[in-house]
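J.: I have a structure I would like to understand better, so I am pasting it below and will then ask my questions one at a time.
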Amino acid sequence: MATRVDPEIANLLSENVGARKVYVEPIPPKAVTPTIRLDQQIIKKIADRVAIFAHLPQDGLLAALALGEVQHYRAGDVLFREKDLGRSFYVVIVGAVDVVKEREGRAVRVASLGVGECFGEMALVRDDLRTATVLAQVDCVTLCFQRARIDAYASIASVIYKNIAGVLARRLDERNSSMADRMVQDSPGDQPPR
């Protein structure tokens, strides 16, 4: 099976000949989608900011990024809606998106995400409904990663799933701390257990 490789990715790989190598399965051709060249600055932002790709060596990161499908959105476009079934996650390559939740009949922006940031990662670990709506804040480009494609490559999937577990553990710690802080504020007379 022939595999097409972006020349920039080939150049990056050739620069890292002495780097630790991991086995990465060949990536089958995808359906024809628009391509985008990822410059080294964007790849570095993804490596630094997207916890899901942490601890992947350079060649593993490039192979993982090659699994993504480039998607273009205009300002105001909906990438997905709260309560849609999720089977993919996204990384912002160009532009920015808003994460919005419905509360008491109105849309509340809970986050704005920019280049190198990801969203929708919970879709990799469970078949469940999306917990928020994501809209293009400005014209933007994302890489969309389908769970089935990630799962097909065990060497990449094992690192990604371990990283998701770490992300979830940090979120749980943050929420526990936040909840404890609120409880202290609500009950100033309570004393800690002895």
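The values are calculated or read from the model by the stated rules, or taken from the named source; none is laboratory data. The shown structure was predicted, so the numbers you read here are calculated from the model rather than taken from an experiment. As a convention, Cβ positions derive from the backbone with ideal geometry for all residues, glycine included, and neighbour counts pool all protein chains shown. Heads up: the accessible areas ignore ligands, DNA and RNA and are worked out on the full protein's heavy atoms, side chains in. Shrake-Rupley method; radii C 1.70, N 1.55, O 1.52, S 1.80 Å.
J.: Net charge within 15 Å of CYS140 by Cβ-Cβ distance, Lys/Arg positive one each and Asp/Glu negative one each, not counting CYS140 itself? Please report the intermediate quantities before stating the final value.
T.: Numbers: positive: LYS45, ARG74; negative: GLU69, ASP77, ASP98, GLU117, ASP139.
Every neighbour counted, the sum reads -3.
J.: While we're looking at this one, here's another question. Quick check on packing: order 83-92, 149-158 by the mean number of other C-beta atoms within 10 Å, highest mean leading. Walk me through the numbers before you get to the answer.
T.: Numbers: 83-92: 19.3, 149-158: 16.3.
Result, highest mean first: 83-92, 149-158.
J.: I want to check the label-to-label distance for ASP186 and ASP39. Put each point 7 Å from Cα in the C-beta direction and report it in nm to one decimal.
T.: It is 5.0 nm.
J.: Counting heavy atoms of the protein chains only and a 1.4 Å probe, report the per residue accessible area for the stretch 62-173 as a whole number of Å². Can you show the working numbers first?
T.: Working: 5280 Å² over 112 residues.
Heavy-atom SASA per residue in the stretch 62-173 reads 47 Å².
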